[in-house]
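The values are calculated or read from the model by the stated rules, or taken from the named source; none is laboratory data. It should be emphasised that the depicted structure is a prediction, and the values quoted were computed from it without experimental measurement. Neighbour counts are summed over all protein chains in view; Cβ atoms, including those assigned to glycine, are modelled from backbone coordinates with ideal geometry. SASA here: full protein model, heavy atoms, side chains in, ligands and nucleic acids out. Shrake-Rupley method; radii C 1.70, N 1.55, O 1.52, S 1.80 Å.
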Amino acid sequence: MELTRRNFLKYLGIAAAAGTVQGKIALDLLRPVPSQATTESNVIYKAGVCGICGMNCAMKGKVVDGVLIKLEGNELDQQSGGSLCAKGNAGINILYNPDRLKYPMVRTNPEKGIGVDPKWKRISWEEAFDLAAQKLSEIKEQYGGKAIAWFGGHKGTDFLKAIGSPNDFCHHSTCDTVREVACEVMLGTSAYIPDFAETDYILSFGWDQFGKAKNAWARLMAKALDRGAKLVVFDPRLSPTASKAQEWYPVVPGTDHALVLAMLNVIISEKLYDAEYVAKYTTGFDKLAEEVRKYSPEWAAELTGVPAADIVRIAREFAAAKSAVIPCHKREAAQVHPNGMALVQGMIALMAITGNFERRGGAMFRKKAKLNKVSPPEEAPGLETTIRVDGADRLPILLECGHAVYQSIADAILEEKPYPLKAAIIYKQGLFSMPNPAKFVEAFKKLFIININIQPDEMALLADLVLPDVTYMESATVSVRKYHALYPQIAVSEPMVKPMYETKSRSTIIREIAKRMGIDQYLNPSGSSVRDQQLSLYGLTQKDVIAQGGVISPEGTEVKYKDLTKLSTPSGKIELYATRLAEHGYNPLPTHRDEWILPKPKAGEFYLVTTRFATHRHAQMQNYRWVHEIYPENYVSINKKTAAILGIADGEEVIVESPYGQIKIKAKLTEAIRPDTVCIPHGYGHWSKYLSNAYSKGANDGDLAPARSIEETLEMDPVAGSNNDCHLLVKVRKA
Amino acid sequence: MAAMGEKDLASIALVRRLYEVFRGPDAAGVAELCAGNWVSDVEETLAVLGLARPATWHSLLQQLGTGCHNREQMLEELSVEHTRLFVNAYGGTPAPPYASVYLNDQPMLGGQVTLQVIEWYKRAGVALPPDYPEPPDYLPVELEFVIHLIQSIPEAGTGQAASQLRLVQREFWQDHFRLWIPQFVARTTEESQHPLYTASAEILGAFVQQRAVLV
Amino acid sequence: MANKRYGMVIDLRKCAGCHACTVACKAENKVPDGIKRTKIIEEETGEFPNVAITFRKHQCMHCQDAPCVKVCPTKASYHTEFGTCEVDPKLCIGCKYCVHACPYRARTINPENGLPEKCTLCVDKLAKGELPACATTCIGNAITVGDLNDPNSEVSRAVAKGARPLNPEWNTKPSIFYIWNRR
């Protein structure tokens, strides 16, 4: 057959005559550029901000021809100090993970549940936005805006206001609300910074951010130890932090508060406190002194297993130290047992009466940088109701701190109390962040779920509509980081690479949905010009900050002290007797409650503590290849001698059972833990078959945790709403 | 200027037809399938190239015969299967359409393989538009690059430009394309539950095997 | 000028066992899947409650009297101008003699190409006056790198103050020194 008569020429859109071809075949994607005989790689460094943990270290990305090769810390940043932890170094693993969510998808299988394939179908963004808007509008119409919730990081607060819903959910009641609330009522701020670099004395009550590689804190604690600072750790297991301590006390889990109460007793009764500082900067000292009189070192020794003489000596050393600090972050002794509120109140009081707030080497207030405020073009019409599905409206101080009662949401959805929830937008909140996830799965079956996510994790599997998010390496941000803000600092990031596939940022996604619902005028403006406007407070643009190295310190790098008579507490001072707690009818002083002490474990029973590997952030990094190689699965640590009694060998599978669930997990035998306690690193046991590295590896300690109802929560922690995940005993037996 | 021969043109047409399949289904694509244009172009180009129709060809024709009665459902089925095979699948995506996944020392996109592909594109005088969202080693992009090389080499004549293009073509095919496509094809044919993807993968495999010897 | 002998002093008192070095090395050196050129070994000693844990970074010790260099039949294993141990992939025949000869078990065979994988002390970075990736990223600032033949270098001063190599009795003259944990 002659070429001229070939049909496929028509398809190619070209004509052939007399053996020659007329025309050129157009390409859809590739564009002509001047060709280069030899090519030189175009290497540039881009300014970034790590998005893995809340420390948000400033960093630099080495980009070759548009491909991100390596991430490094930015040495201008007081948080990263030029370093990145294993997690930060592994960030590229999520950017380039083939498992990543790439396009909007809908489930075509209506059945939802553990082990159920959603049978996804790729759809266009137009279809995705239309579907989301249509569903949410229908629900709003029929059940009210309050039937729609947002899960995750308060990133949808403006959207919720626009639809009138109070149901703004975050995970903090399983994390750090005890610290936040205690700090709020006593200090008028939600946290303080341990000034490790200059400190002489560190007390840790289960605090292990050194072992979790929280960048600035690990680096500066190492510096403190190098300088010869004393470190005393109370922890049922020999954590990495404890492994560096001069003294380690394997305290009975859930009793740490007794130690601080007794130390307060010693310091006050022996008049070792800084009377001038107390008079000038604190209120309620006499009431505190009265309360702690009953907590003798002998009493504490009985509860905690720490000898009374050591409690007395450590109290004296702490008071005598030139500077001393008790770091507190999250999910340490404080958050997981019901006496935790007393523990944090006691820690703050200890530092306050020894004059260690706003003292070099003590506890510093966060000096967060300011930015120009942005607000929506129009004010939202207001909430339909203040009654929340999670019941947080019944915990006024928690609510003022901006947090939710995370654990109670499952029961509330299942029982449709106080009213039915019908839809949720879930952003950056994995199912494994939820205690007792099986209960949450049942609850989520009742909702229309829009999941904005990067990885195809369990939450994506439960979603009706999956919308692919950009990573922090593909987006720009202006970030005032507060974790270790000894002085105000702002970091700016630019996209290191352009967003891959069809991923879009959360703000773009929400704006598009809101537009279709006719409510986008109520959203906070976003985008590059808004970020520049935020920075214009300093007469700078993002470009300027990047030109200055990505990080600016608008007030210099000198640490300035806060006036401790001008705090945001009602008295303006540190409130040892927290009047805000008293106002709400709560106990304003650190107080021991006997009924919240766990019974002593019988044979085969154990206290449970949980931890996290330094290489993994919670349950979100198990699928990152480089850190997966280091810790592919988790285990339960059991004391060697106890294991011998139970006939459990190292590496053998065991069943760990709590009143709320059970898991099968490998045993790791160790001497570095109390004989009556087991420890499980969190984040494993993923059952999403879409996660090629993480699927089916290890087990989820969350399966052992309760998801307490609002009533149960109010009984146990009416102030901070903590779930008290580890307030239970587990049984361990051979599998 | 040397003109493209019949086989070159047939190769381009075939690769473009495969490109349409791997890029993902849409209503226009289904219309082309149901009108018979896709099938007749592929059959004709295979004949010109001396390649056999794949084993699954008959079942594809049958499927189209019945499936085209309900084009909407066919589009739905193709979309779900395309998503499962190439985007995100329960139990692991069988055949991610990115070269780096197969060739990098680390099972990730990006890295050396992507950089190498970018370099070949540069040397061959093409680039992706800055706002194009897929990575440079995405199968549809590489298929277009194959078309670009087939078309531009005769165009470039006999000078230095032409020998550079031929060198790029040889490197791209020998060090890259012929190495990962068979793996991609094997995974696709093994897992595919729709004859359009099985047949297209088989044809791609046969085409690459034949042409790899020539370039 | 005396020959260079680049080495490392790792202060185990400051090591959190966080693996930042392990991962930074993977990124910097494009280390293949499943292989680590540097890793953290967790060593537990004693009995509860008198128990201690030491995290130790383990890697090629860049021995000056290196068994791997001695046994290499093709001279593919050699010392660079920085005094580091290096493998020339063009000369290596993949015989694995070095893998077995290394008393520190610091070499692994890359299954892809059959060649040994190990720490190079990021010698290409040293040549540019930069630090190895692990030292740059270490969040405890536990890793110091420098010329052990320069008595004024920080590493030489640390060695003078008592930093010791692992198993000095093997007499391979390692260039990696440790300051051991106090507990």
* **Scope segment B:22-56; condition open to solvent by less than 10 Å² (accessible area, probe 1.4 Å) and either over 17 Å from the mean Cα position of the chain (by Cα) or more than 13 Å from chain A (Cβ to nearest Cβ) (or both); matching residues** => B:30
* To do: Could you please let me know if residue A:735 is hydrophobic (A, V, I, L, M, F, W, C) and at pLDDT below 95?
  => yes
* **Some residue of segment A:453-466 being surrounded by fewer than 21 Cβ atoms within 10 Å (Cβ to Cβ), of a type in the set (A, V, I, L, M), without any contact (Cβ under 8 Å) to a residue 60 or more places away in the chain and farther than 29 Å from residue A:538 by Cβ** => no
* (1) more than 7 Å from chain A (Cβ to nearest Cβ); (2) closer than 19 Å to residue B:187 by Cα: which one isn't true of residue B:136, the others all being true? -> (2)
* Structure fact -> By residue number, the members of segment A:412-452 that are part of a helix (DSSP H, G or I) and of a type outside the set (A, V, I, L, M, F, W, C) are A:415, A:433, A:437, A:439, A:442
* Inspect all residues belonging to segment B:74-82 and state whether any of them is in contact with a strand residue (DSSP E or B) (Cβ under 9 Å, 6 or more places away or on another chain) and at pLDDT below 95. => no
* Residue, farthest from the other protein chains (Cβ to nearest Cβ), within segment C:57-80, restricted to residues that are open to solvent by 10 Å² or more (accessible area, probe 1.4 Å) and part of a strand (DSSP E or B) -> C:79
* Select, from A:664, A:668, A:697, the only residue that is touching a Pro at 6+ places or on another chain (Cβ under 9 Å) and either modelled with pLDDT of 95 or more or open to solvent by less than 10 Å² (accessible area, probe 1.4 Å) (or both). => A:697
* Asked: Just checking, which of B:9, B:85, B:60 is modelled with pLDDT under 95 and among the hydrophobic types (A, V, I, L, M, F, W, C)?
  -> B:9
* Report whether or not residue B:121 is surrounded by fewer than 22 Cβ atoms within 10 Å (Cβ to Cβ) and of a type in the set (Phe, Trp, Tyr). => no
* To do: Spot the failing condition for residue B:196; the list is (1) within 7 Å of chain A (Cβ to nearest Cβ); (2) crowded, with 23+ Cβ neighbours inside 10 Å, and only one is missed.
  => (1)
* Determine the pairs where a residue that is under 12 Å from residue B:139 (Cα atoms), located within segment B:9-26, has a partner that is open to solvent by less than 10 Å² (accessible area, probe 1.4 Å) and among the hydrophobic types (A, V, I, L, M, F, W, C) with Cβ atoms under 6 Å apart, the partner being 6 or more residues away or on another chain. => B:15/B:143; B:15/B:146; B:15/B:147; B:18/B:204; B:19/B:143; B:22/B:139
* **Near pairs, Cβ below 9 angstrom, 6+ apart or cross-chain, from segment A:666-679 (within 11 Å of another protein chain (Cβ to nearest Cβ)) to any residue that is open to solvent by 30 Å² or more (accessible area, probe 1.4 Å) and polar (S, T, N, Q)** => A:671/C:45; A:671/C:50
* To do: Taking the residues in segment A:213-238 that are in a loop (DSSP other than H, G, I, E, B), crowded, with 24+ Cβ neighbours inside 10 Å and more than 7 Å from every other protein chain (Cβ to nearest Cβ) as candidates, determine which candidate is farthest from the chain's Cα centre (by Cα).
  => A:236
* Those residues of segment C:1-48 which are closer than 26 Å to residue A:673 by Cβ, in contact with a Gly (Cβ under 9 Å, 6 or more places away or on another chain) and facing chain A (nearest Cβ under 7 Å), in sequence order -> C:13, C:14, C:16, C:17, C:18, C:20
* **Scan of segment A:590-602 for residues that are under 23 Å from residue A:263 (Cα atoms), open to solvent by 20 Å² or more (accessible area, probe 1.4 Å) and assigned to a loop (DSSP other than H, G, I, E, B), ordered by number** => A:591, A:592, A:593, A:597, A:598
* Asked: Quick one: in segment A:536-588, which of the residues that are touching a strand residue (DSSP E or B) at 6+ places or on another chain (Cβ under 6 Å) and closer than 19 Å to residue A:373 by Cα is surrounded by the most Cβ atoms within 10 Å (Cβ to Cβ)?
  -> A:545
* Scan of segment B:68-83 for residues that are in contact (Cβ under 8 Å) with a residue 12 or more places away in the chain and touching a helix residue (DSSP H, G or I) at 6+ places or on another chain (Cβ under 9 Å), ordered by number -> B:68, B:71, B:74, B:75, B:77, B:78, B:81, B:82
* Output for segment B:130-169, where each listed residue is among the charged types (D, E, K, R) and either over 25 Å from residue A:66 (Cβ atoms) or in contact with a strand residue (DSSP E or B) (Cβ under 7 Å, 6 or more places away or on another chain) (or both) -> B:137, B:155, B:166
* Asked: Here are C:114, C:83, C:129, C:162: which of them is closer than 23 Å to residue A:244 by Cα and assigned to a loop (DSSP other than H, G, I, E, B)?
  -> C:162
* For segment A:36-102, please list each of the strands (runs of 3 or more DSSP E) lying entirely inside it that holds at least 3 residues being within 13 Å of chain C (Cβ to nearest Cβ). => A:58-64, A:67-73
* Take the residues of segment A:629-650 that are open to solvent by 20 Å² or more (accessible area, probe 1.4 Å) and in contact (Cβ under 8 Å) with a residue 40 or more places away in the chain: which is nearest to the other protein chains (Cβ to nearest Cβ)? -> A:630
